[in-house]
Amino acid sequence: MITVVSICLNNENEIKKTVDSVIGQEDIEIEYIIKDGCSKDKTNEIISRCIDSCKDRKIHFNHVISPDTGIYDAMNQAAEIANGDWIVFMNAGDYFYDSRVLKCVNSYLESGTDVFYGDTLYLMNKNYVFPQIHHISKLDKKFSLGHQSCIVKTELVKKYKFDTHFKIAGDYDQLKRLFDDGCIFRHMNMLVAVCNRKGISCQRTKLQFDETCQVQYGNKYAKGFGYKKNLLIWIIKGYLIKLFPNWEIYRYCKNNMKRKQYEFD
């Protein structure tokens, strides 16, 4: 059985789309854990209505409302109570590509593999979507996977807990630790999730850069001249993406071609 986890906090405008995409999955038994961090808006009312509308489905609901210290603490809490053999995090605002995703994913699941990862459809702006082909070949240099499109053995998520010191890169950190420790990753040739990238490259730029470097270099990470140079490049790229959205689309196209070439070589 697959466990789907959705983390939310004051997401009344986004949570229904996420929940609907999970409860709308066809012909598969799933566990659905929705972990809310004590929302003050109507998030939990919307969740309760969604749950009540589909009690005849093969879904085991666990709607948890409790305090947490942030998204990665909430994800750890949810993972601890998960009963499925596999787990995927589809947090508020993200959703499955279509109603057959988990049925297709289930056909891939097998012993001998620890992490299955598919591809992600990114909403680049209101008029353009772009499919991102993920590959672990670049994981040591950047977060080349999408956690929404990764299905991981639950026992590993419980063992390799998310580091709650991170605010942005905790999912990257966890997957890289799994990879560095020899876990087996397998690509699924399918779109799994739809995610909105609007503004993500320009939000909390320095924190995103620092946490990414910390994942890559650990205790060897130092803030010298190289740090300032690379941070400046990171910031410039962020502004270019904001000013010229098509530049990021071009960059994604180029990266996808490289990954497809790597896959078929």
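The values are calculated or read from the model by the stated rules, or taken from the named source; none is laboratory data. Model, not experiment: these values are computed from the prediction. Here the Cβ positions follow ideal geometry from the backbone for every residue, glycine too, while neighbour counts run over all protein chains shown. These accessible areas exclude ligands, DNA and RNA; they are computed on the full protein's heavy atoms, side chains included. Shrake-Rupley method; radii C 1.70, N 1.55, O 1.52, S 1.80 Å.
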Subset of region 27-45 [assigned to a loop (DSSP other than H, G, I, E, B) and aliphatic (A, V, I, L, M)]
28
Check 46, 30 and return the single one that is over 17 Å from the mean Cα position of the chain (by Cα) and closer than 12 Å to residue 90 by Cβ.
30
Being of a type in the set (S, T, N, Q) and in contact with a Leu (Cβ under 9 Å, 6 or more places away or on another chain) is true for just one of 43, 69, 3. Which residue is that?
43
Mind telling me which of the residues 82, 78 ends up being at pLDDT 95 or above, among the small types (Gly, Ala, Ser) and not in a loop (DSSP other than H, G, I, E, B)?
78
Does residue 166 satisfy the condition of being aromatic (Phe, Trp, Tyr), open to solvent by 10 Å² or more (accessible area, probe 1.4 Å) and part of a helix (DSSP H, G or I)?
no
Tell me the residue from 145, 178 that is within 20 Å of residue 109 (Cβ to Cβ), at pLDDT below 95 and open to solvent by less than 10 Å² (accessible area, probe 1.4 Å), please.
145
Could you check, for region 46-56, whether at least one of its residues is open to solvent by 90 Å² or more (accessible area, probe 1.4 Å), at pLDDT below 95 and in a helix (DSSP H, G or I)?
yes
Specify the residue that is modelled with the highest pLDDT; the eligible residues are those in region 212-257 that are aromatic (Phe, Trp, Tyr) and loosely packed, with under 12 Cβ neighbours inside 10 Å.
217
Would you point out the residue of region 16-32, among those that are of a type in the set (S, T, N, Q) and farther than 18 Å from residue 107 by Cα, that is surrounded by the most Cβ atoms within 10 Å (Cβ to Cβ)?
18
Of residues in region 190-211 being part of a helix (DSSP H, G or I) and under 19 Å from the mean Cα position of the chain (by Cα), the one modelled with the highest pLDDT:
211
Picked from region 65-119 (must be of a type in the set (Val, Ile, Thr) and touching a helix residue (DSSP H, G or I) at 6+ places or on another chain (Cβ under 7 Å)), the residue surrounded by the most Cβ atoms within 10 Å (Cβ to Cβ) is 87
Condition (residue is closer than 20 Å to residue 1 by Cβ and within 16 Å of the chain's Cα centre (by Cα)) applied to region 118-140: is it met by at least one residue?
yes
